[in-house]
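Only one structure is covered here, and it is reproduced in the block below.
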Amino acid sequence: MLTIGLTGSIGMGKSTTADMFRAEGVPVYDSDRAVHEIYSGPDAARIEALFPGILVDGVVDRAALAARVLGDAQALRRLEAIVHPLVLEKRAAFVEERRRADDALVLFDIPLLFETGGDADVDVVVVVTAPEEVQRERVLARPGMTEEKFAAIRAKQTPDAEKRRRADFIVHTDRGVDSAREQVRLILRELKSREPKAR
Ligand SMILES: CC(C)(COP(=O)(O)OP(=O)(O)OC[C@H]1O[C@@H](n2cnc3c(N)ncnc32)[C@H](O)[C@@H]1O)[C@@H](O)C(=O)NCCC(=O)NCCS
Ligand SMILES: Nc1ncnc2c1ncn2[C@@H]1O[C@H](COP(=O)(O)OP(=O)(O)OP(=O)(O)O)[C@@H](O)[C@H]1O
């Protein structure tokens, strides 16, 4: 089974591009969704133990959590020490399930692929990218986003230029959805032609 790691900095178009792979029939593991499940499931109590008052109706309040961790490197590390192993556990379960289904190709959508060393665990790395002004415009258009929050997140991420350097494939998302879809199809065509060797 060939594993693709899809990554990219905040607002570069990861989720949109992952949906395109999904539409082409590739099973996708979505690590952001895994985090959402963790924050609303039984392990949310562990986040509450670390940040008392963070639960609202049993679910982690993400805006409050962001305010607690984005300016506090130690707090973020403590949070990641709980969240990342749980995300990996969920991913292992997904891989097991897809192996049993005998899938040839799967994709992991992981914002922090390089930051967590996850690139070593995948066969192929796809990086989504767009010019900085496009990224900024997209991110600042989101409700609740501020210049400060954007800057704090960017500071914690591997720079886009480095991600592109380390990529096997790049998807440019500033040329519209049809272009991105075409890039995704070309990548899949190339990978499917390699597939027998990779198994
Ligand atoms: C900080 C939190 C509360 C902000 O939540 P919010 O809903 O506002 O944003 P969201 O989760 O959609 O993240 C937006 C983007 O921020 C970036 N980001 C998120 N967590 C991190 C992190 N630990 N380090 C660097 N960048 C991050 C990613 O590019 C992500 O796509 C949330 O991201 C979080 O709990 N992060 C810690 C868990 C984690 O590391 N998640 C990353 C995927 S495993
Ligand atoms: N190929 C594309 N063409 C035009 N717009 C795009 C394209 N890909 C993404 N976008 C737009 O860019 C914005 C961010 O996309 P998306 O939510 O997929 O990014 P993301 O990388 O998953 O973000 P985050 O890391 O913050 O979760 C969205 O408004 C989306 O519509």
Checklist outcome for this item: Residues meeting the amide H criterion for PHE108 (H placed from the backbone, H to H distance under 5 Å, 5 or more places apart or on another chain) are ILE4, GLY5, LEU6, TYR29
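Per the helix-only calculation at 222 nm, which mean residue ellipticity applies to the chain, given -39500 (n - 2.57) for every DSSP H run of n ≥ 4 and division by its residues, nearest 500 deg cm²/dmol?
On the way: 9 runs with 110 residues, N = 199.
Result for the chain: -17000 deg cm²/dmol, rounded to the nearest 500.
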Next on the checklist: Sort 161-167, 95-101 by packing, meaning the average of other beta carbons within 10 Å per residue, with the highest value first.
Outcome noted: 161-167, 95-101
Next on the checklist: How tilted is helix 177-198 with respect to the longest principal axis of the chain? Cα atoms for both, answer in degrees (0 to 90, nearest 10).
Outcome noted: 70 degrees
Checklist entry - To the nearest 0.05, how large is the calculated FRET efficiency for ASP102 and HIS36 if R₀ is 30 Å and r is the Cβ-Cβ distance? => result 0.55
Checklist entry - Looking at the chain, what % of the alpha carbon pairs are farther apart than 28 Å? => result 29 percent
Checklist entry - Hey, how many Å between the Cα centroid of the range 79-108 and the Cα centroid of the range 14-48? => result 10 Å
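Net charge near GLU97: determine it from the other residues with C-beta under 12 Å of the C-beta of GLU97, scoring Lys and Arg +1 and Asp and Glu -1.
+2
Want the number for ASP43 to ASP72: 0.36 nm per residue separation, take away the alpha-carbon distance, what's left?
Numbers: separation 29, 0.36 × 29 = 10.44 nm, distance 2.20 nm.
Here the segment from ASP43 to ASP72 would lengthen by 8.2 nm.
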Checklist entry - Which aspartates and glutamates, on any chain, are close to LYS156 with Cα under 12 Å apart, when same-chain ones fewer than 8 places away are left out? => result ASP72, GLU115
Checklist outcome for this item: Whole-Hz Karplus couplings 3J(HN,Hα) for the range 154-168, θ = phi - 60° and coefficients 6.51, -1.76, 1.60, Gly and Pro as x, run 4, 5, 9, 10, 4, x, 3, 4, 5, 4, 4, 4, 8, 7, 7
Checklist entry - Quick one: helix 73-100 against the long Cα principal axis of the chain, what's the angle to the nearest 10°, folded into 0 to 90? => result 40 degrees
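Can you tell me the FRET efficiency between SER193 and SER15 if r is taken as the Cβ-Cβ distance and R0 is 25 Å, rounded to the nearest 0.05? List each step's numbers first, then the result.
Numbers: r = 27 Å, r/R0 = 1.08.
E between SER193 and SER15, to the nearest 0.05, is 0.40.
Values in this text are rule-based calculations from the coordinates and carry no lab data. Not measured: the values here are computed from a predicted model. Positions of Cβ are generated from backbone atoms using ideal geometry, with glycine treated the same way; all protein chains shown enter the neighbour counts.
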